[in-house]
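Okay, so here's the structure we're looking at.
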Amino acid sequence: MRLMLSLVLLCGVITQAGRPPAHASIAQVAWIAGAWTGGGNGVTLEERWTPPAGGTMLAVSRTLKGDRMVAFEFLRIVERDGGLVYVAQPNGRPPTDFALTEITDGSATFENPSHDFPKMIRYAKRADGTLEARVSDGGQRAEAFLFSRTP
């Protein structure tokens with residue numbers, strides 16, 4: 001009975017916290033490295049990711065509207081406890097961690113169910129060489145950003 005109760009409680013913890021973390025190394029997301037540009041309607045989005053080194057990748061992102069910067073973000077993906085963590089700092093605010101929950105050869109999904117928005121961040125490389133970044137609440141609300149590699 002005690003074992004059964006423990007298993008039920010454990011399942012409840014995993015459900016409340018989201019999917020369990022996936023195991024991965026920083027080398028598995030090396031395809032994100034590089035300079036990327038996207039946007040439309042007078043808005044330009046940029047992300048510049050360093051290659052993996054020392055168990056981490058670093059990035060800076062900025063959003064331009066016309067000739068003005070309207071937002072920026074410091075980003076990193078770090079190896080932690082056998083998995084990967086995406087750390088976001090929009091506009092220099094304190095960091096928010098998103099744990100890797102799913103990884104394939106061409107996509108990586110990071111989640112933080114306790115965050116307001118987004119709760120999920122997913123990067124996917126597409127067959128045409130573009131990079132899609134998708135943020136969502138895990139349900140109805142989602143935004144997708146399509147980036148092309150900048151030479």
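TRP31 falls short on exactly one of the conditions (1) closer than 21 Å to ASN112 by Cβ; (2) at pLDDT 95 or above; (3) part of a helix (DSSP H, G or I); (4) not acidic (Asp, Glu), and that condition is (1). Is there a residue being crowded, with 20+ Cβ neighbours inside 10 Å, in contact (Cβ under 8 Å) with a residue 24 or more places away in the chain and within 15 Å of ARG48 (Cα to Cα) anywhere in the stretch 95-118? The answer is no; no qualifying residue exists. Comparison of VAL87, VAL60 shows that the only residue that is more than 17 Å from TRP36 (Cα to Cα), in contact (Cβ under 8 Å) with a residue 12 or more places away in the chain and either part of a strand (DSSP E or B) or among the acidic types (Asp, Glu) (or both) is VAL87. The condition of being part of a strand (DSSP E or B), over 18 Å from ILE26 (Cβ atoms) and at pLDDT 95 or above holds for only one of GLU46, GLU79, GLU102, that being GLU46.
With respect to (1) farther than 18 Å from ILE121 by Cβ; (2) open to solvent by 70 Å² or more (accessible area, probe 1.4 Å), the lone exception for LEU64 is condition (2). The single condition among (1) over 21 Å from ALA27 (Cα atoms); (2) open to solvent by 20 Å² or more (accessible area, probe 1.4 Å) that SER136 does not satisfy is (2). Every test in (1) over 13 Å from the mean Cα position of the chain (by Cα); (2) of a type in the set (Phe, Trp, Tyr); (3) over 17 Å from ALA35 (Cβ atoms) is passed by PHE110 save one, and that test is (1). Looking at the stretch 120-133 only, could you name the residues that are under 22 Å from PRO21 (Cβ atoms) and either over 10 Å from the mean Cα position of the chain (by Cα) or open to solvent by less than 40 Å² (accessible area, probe 1.4 Å) (or both)? Correct list: ILE121, TYR123, ALA124, LYS125, ALA133.
The values are calculated or read from the model by the stated rules, or taken from the named source; none is laboratory data. These numbers come from a predicted model, not from an experiment. Cβ atoms come from the backbone with ideal geometry, glycine included; neighbour counts cover every protein chain shown. Calculation scope for accessible area: heavy atoms of the full protein, side chains included, ligands and nucleic acids excluded. Shrake-Rupley method; radii C 1.70, N 1.55, O 1.52, S 1.80 Å.
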